[in-house]
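Student: Next up is a structure, given as structure tokens.
The values are calculated or read from the model by the stated rules, or taken from the named source; none is laboratory data. Not measured: the values here are computed from a predicted model. Neighbour counts are summed over all protein chains in view; Cβ atoms, including those assigned to glycine, are modelled from backbone coordinates with ideal geometry. Surface accessibility is based on the protein's heavy atoms, side chains included, excluding ligands, DNA and RNA. Shrake-Rupley method; radii C 1.70, N 1.55, O 1.52, S 1.80 Å.
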Amino acid sequence: MSEFTYTTDGATQTLPLIISDSVVVFPYTVMRLPLDDMSARATEAAVANNRLVLIASRRQDVDDDAPLPLQLHKIGVVARVEQSGMLPTGVIGVVVRGIVRAEIGELNEQGAFLRAGFVERPDRYERTPALEQLMAEVRAAIDAVLEAQGDVPQEIRSFVRGLTDASQLADNTGYSPDYSFEERQELIETFDITRRLEKVRELYQKQLTIKDLQVKLRQEVQDGAARQQREFYLRQQQRAIQKELGEDDAETDELETLREKLAAADMPSAARKESDRELGRLGRMNAASPEYQMVRTYLEWMAELPWNKTTGDAINVARAREVLDADHYGLQKIKERILDYLAVKQRRAQISGDGQRSREPILLFVGPPGVGKTSLGQSIARSLGRQFVRMSLGGVRDEAELRGFRRTYIGSQPGRIVQELRRAGASDPVILLDEVDKIGQDYRGDPAAALLEVLDPEQNNTFTDHYLNVPYDLSKVLFIATANDLSTIPGPLRDRMEIIELSGYIEDEKVHIARQHLIPKQIVASGLRPEEVEIEDAALRTIVGGYTREAGVRNLERQIGGVLRKVTRKLAEREGSVAGDQGSEEMADGSQAVDVQVPDPQTLTPSPWLVTPDFVRTALGRPRFLNEAKERIDQPGIATGLVWTPVGGDIVFVEATALEGNAGLKITGQLGEVMRESAEAALTYVRSRARLLGIDPTFFDKHNVHIHVPAGAVPKDGPSAGITMATALASAATGRFVRDDVAMTGEISLRGRVLPIGGIKEKALGAHRAGITTIILPKRNMDDLDDLPREVFEALTFVPVETLDEVLATALAAVPNPFEGQVGIVSSTHTAPFVQHKPE
């Protein structure tokens, strides 16, 4: 209890109630409140007794029709009436001094005013170093705000600095006019003194940030206005001086030059009309006006754009074939499709004369990184004699990056398409839209939607950039797009393009590409001459097989560069050694011989440095890729599957194990919903075939099955791992190993049917790179092997299946578990022992 005495009604403390509509009273503060009739009568009753009242604030989020208890905040303050009377505004008011927080209880109407029950909530805290530090920070924040205001009396700042009581420091700041009503009420309802001080510090720090920003903006406005006035004054003086010197025609000459450029731009009538209108406005503007520069920049863009300037030669399919064959090894079907595309354009030009206008679908090259998508675009441009422009769209999220920014914004400019056309200097370049599958979108618009008009042959002849605000003909531009993952491209955009899929390279193709393109390029980059180094085929195949496992050749080029840099260092060391040995000769008596000719290392013609497999291992370290299947399948319950990824096909391992205990299925490895359902279907089918597989029918009732797919940080999904999971389960339950030379792919049904899936070509290439020799696949997918390179097709054995029984007959080893009877968990009800760990 405080030192004040309250009138009581039985066991409940009560006081006359004053309701405040807009003011929150804090302990230790003196406030003036306007009163309504009922609150005025409550004040009179308090003055007649002990001058104590209970003050509650009215909620601002509750209707006036609600019951009165619901209209009031539950936390208020006990206060002493210091003075009452008529306020200057003509209403009855009261001056009160806050004493202590109170939790308001039941309301009772007593005569013409209200009394309310309450419970005191005084502050209780312990002074600690942390609290002292917090109080110092609060005082510093308040002092900084008062100093920023500038017109605060020094007495107030001294009063704040002298507050040493935590409660008074927190509550005396509640009068700040910068607080909102809700922020004041939140403070009055915060009982914990530490949390209340933290809120006060946050509120004043926010006020200080706002005041600093206001000062900065005010200063910038003043500086800008002063600068404009100064520039205007100086330009007026400059004009007067020029007039006296007879040089007043400088601005007129500038406009004439711009007018001549616009006339020579050969722009369409709509663009010409807009340019003339803006040029007229420019002539009437003051050169000191900010808008003058905006209009001038716009007209310069209009004058420099290649409206009707073309650079391309007539299409020659024979030359295009020569260029494509020279720049790219393999990719025969891709080249054929490109040549078909160019042949159609050539014939259209011969028949109707509109060969420049692109009416054919846009080409979309889809494939893993490093397979030559971008270089194909460069080759097409070279074969046509056109400029080549590459636009990377990865991460683009703002539609304005493609369509431009409207001229209402300061610093606005055209979109990237118009910018690249000006940079190319022609209206018919080959524009490669790279990484079109990685376009994003946010509140600023959808760039993919903007591309719909750009890539539509029926619409892009009237493409309108927001900055230019006039149609620009893009129909003469040859657009080519590239992507890694087709699934992330929006459907409407995908429909406007013809998809050409590029799969990965096989080892022989990589060796040829390295010989023809990568090695000559890296020899130059490494500071070598071609005659100084020779790379054996065995060494090159060692790099391909042991240090890279990718669909493309990008990493292969890096590894070749690493080997050649090592050769460069070895040659430099050898030349230094030769120069040191031949630089002087010591005679028998210890004197130095004279007239010894030191040969120039550049004139020496030593034998080329031979790169062997051993040198590759010395330069690059131990091989990074081996036959994983032979290493990983070291116990039952492990099967090799095939997966498709945006960077090419690959193998994946599915592990299954069974632990004695209650029946159940646990699935790990960050698997998606479809893959989890495949695991459940696989378990159901294996249980249904338990007797035929030699498994005790009660085995799965007594064991908890766990399926895991390694590389848990990588999300995985899709139905094609169904037969791999079923094989791993059957292997774990029977104790029979899965063949380490076999990989498989296919969806499974509850009846054990093997259903077709996609990505067969990429998966087969990935299996070939990983050293797999046999692939089990759905029979209905056999037609997909027609696109497979002949070398890969002949190197692999394909087993088409229709049922899971056929899968297990091929995949499971015929011999029993070689570790039978050794370390493992053996089920007494199971005919074949289950080995959990292979002994060392």
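Student: Within region 452-474, is there a residue that is under 21 Å from the mean Cα position of the chain (by Cα), assigned to a helix (DSSP H, G or I) and within 16 Å of residue 416 (Cα to Cα)?
Tutor: Step one: filter region 452-474 for residues under 21 Å from the mean Cα position of the chain (by Cα), giving none.
Within region 452-474, none of the residues are under 21 Å from the mean Cα position of the chain (by Cα), assigned to a helix (DSSP H, G or I) and within 16 Å of residue 416 (Cα to Cα).
Student: Which numbered condition trips up residue 397, out of (1) closer than 19 Å to residue 297 by Cα; (2) touching a residue at least 40 places away in the same chain (Cβ under 8 Å); (3) open to solvent by 50 Å² or more (accessible area, probe 1.4 Å)?
Tutor: (1)
Student: Looking at this structure, is residue 731 among the polar types (S, T, N, Q), in a loop (DSSP other than H, G, I, E, B) and either open to solvent by less than 50 Å² (accessible area, probe 1.4 Å) or over 17 Å from residue 805 (Cα atoms) (or both)? Give the steps one after another, and end with the answer.
Tutor: Working: among the polar types (S, T, N, Q): yes; in a loop (DSSP other than H, G, I, E, B): no; either open to solvent by less than 50 Å² (accessible area, probe 1.4 Å) or over 17 Å from residue 805 (Cα atoms) (or both): yes.
No.
Student: Hey, does region 421-433 have a residue that's within 20 Å of the chain's Cα centre (by Cα) and crowded, with 18+ Cβ neighbours inside 10 Å?
Tutor: For region 421-433, residues within 20 Å of the chain's Cα centre (by Cα) and crowded, with 18+ Cβ neighbours inside 10 Å: present.
Student: Can I ask one more? Would you pick out the residues in region 55-100 that are open to solvent by 70 Å² or more (accessible area, probe 1.4 Å), assigned to a strand (DSSP E or B) and β-branched (Val, Ile, Thr)?
Tutor: Within region 55-100, just 92 meets the criteria.
Student: What about residue 164, is it in a loop (DSSP other than H, G, I, E, B) and β-branched (Val, Ile, Thr)?
Tutor: Yes: the conditions hold for residue 164.
Student: Are any residues in region 129-168 aliphatic (A, V, I, L, M), within 21 Å of residue 211 (Cβ to Cβ) and touching a residue at least 24 places away in the same chain (Cβ under 8 Å), and if so, which ones?
Tutor: Residues satisfying the conditions are 138, 141, 142, 144, 145, 148.
Student: Filter region 265-287 for residues that are under 22 Å from residue 463 (Cβ atoms), open to solvent by less than 40 Å² (accessible area, probe 1.4 Å) and part of a helix (DSSP H, G or I) and give the result.
Tutor: 271, 274, 275, 278 - these are the residues of region 265-287 that are under 22 Å from residue 463 (Cβ atoms), open to solvent by less than 40 Å² (accessible area, probe 1.4 Å) and part of a helix (DSSP H, G or I).
Student: Right, something else. Pairs under 8 Å by beta carbon, first residue under 10 Å from residue 535 (Cβ atoms) in region 593-620, partner assigned to a loop (DSSP other than H, G, I, E, B) and modelled with pLDDT of 50 or more, six or more apart or different chains?
Tutor: Taking only residues 6 or more apart or on different chains, the pairs are 610/536; 611/536; 612/536; 616/547.
Student: Still on this structure: Can you tell me which of (1) farther than 21 Å from residue 744 by Cα; (2) modelled with pLDDT of 90 or more; (3) open to solvent by less than 50 Å² (accessible area, probe 1.4 Å) is the one residue 709 doesn't meet?
Tutor: That leaves (1) as the condition not met.
Student: Hey, can you tell me all the residues within region 778-806 that are of a type in the set (A, V, I, L, M, F, W, C), in contact with a strand residue (DSSP E or B) (Cβ under 8 Å, 6 or more places away or on another chain) and farther than 18 Å from residue 741 by Cα?
Tutor: 782, 785, 804
Student: Out of the residues in region 538-572 that are assigned to a helix (DSSP H, G or I) and modelled with pLDDT under 85, which is least open to solvent (accessible area, probe 1.4 Å)?
Tutor: Looking at residues that are assigned to a helix (DSSP H, G or I) and modelled with pLDDT under 85, I get 546.
Student: Quick one: which residue in 137, 147 is in a helix (DSSP H, G or I) and either of a type in the set (Val, Ile, Thr) or open to solvent by less than 80 Å² (accessible area, probe 1.4 Å) (or both)?
Tutor: On the way: 147 fails: either of a type in the set (Val, Ile, Thr) or open to solvent by less than 80 Å² (accessible area, probe 1.4 Å) (or both).
The match here is 137.
Student: In this structure, is residue 659 surrounded by fewer than 16 Cβ atoms within 10 Å (Cβ to Cβ) and out of contact with any strand residue (DSSP E or B) (no Cβ under 6 Å at 6 or more places or on another chain)?
Tutor: When the stated conditions are applied, residue 659 does not pass them.
Student: Step by step: first the residues of region 75-108, then only those that are out of contact with any Lys or Arg (no Cβ under 7 Å at 6 or more places or on another chain) and among the small types (Gly, Ala, Ser), then the one that is farthest from residue 54 (Cα to Cα). Which residue is that?
Tutor: 90
Student: Can you find a residue that is touching an Asp or Glu at 6+ places or on another chain (Cβ under 8 Å), hydroxyl-bearing (Ser, Thr, Tyr) and outside any strand (DSSP E or B) anywhere in region 424-440?
Tutor: Yes; the residues of region 424-440 include at least one that is touching an Asp or Glu at 6+ places or on another chain (Cβ under 8 Å), hydroxyl-bearing (Ser, Thr, Tyr) and outside any strand (DSSP E or B).
Student: Of the residues that make up region 815-828, is at least one open to solvent by 20 Å² or more (accessible area, probe 1.4 Å), modelled with pLDDT under 90, among the polar types (S, T, N, Q) and not in a helix (DSSP H, G or I)? Reasoning before the result, please.
Tutor: Within region 815-828, the first condition is being open to solvent by 20 Å² or more (accessible area, probe 1.4 Å), and the residues that meet it are 815-816, 818-826, 828.
Among the residues that remain, those that are also modelled with pLDDT under 90 are: 815-816, 818-826, 828.
Subset that is among the polar types (S, T, N, Q): 822, 828.
Right, trim to not in a helix (DSSP H, G or I) and you get 822, 828.
Within region 815-828, one or more residues are open to solvent by 20 Å² or more (accessible area, probe 1.4 Å), modelled with pLDDT under 90, among the polar types (S, T, N, Q) and not in a helix (DSSP H, G or I).
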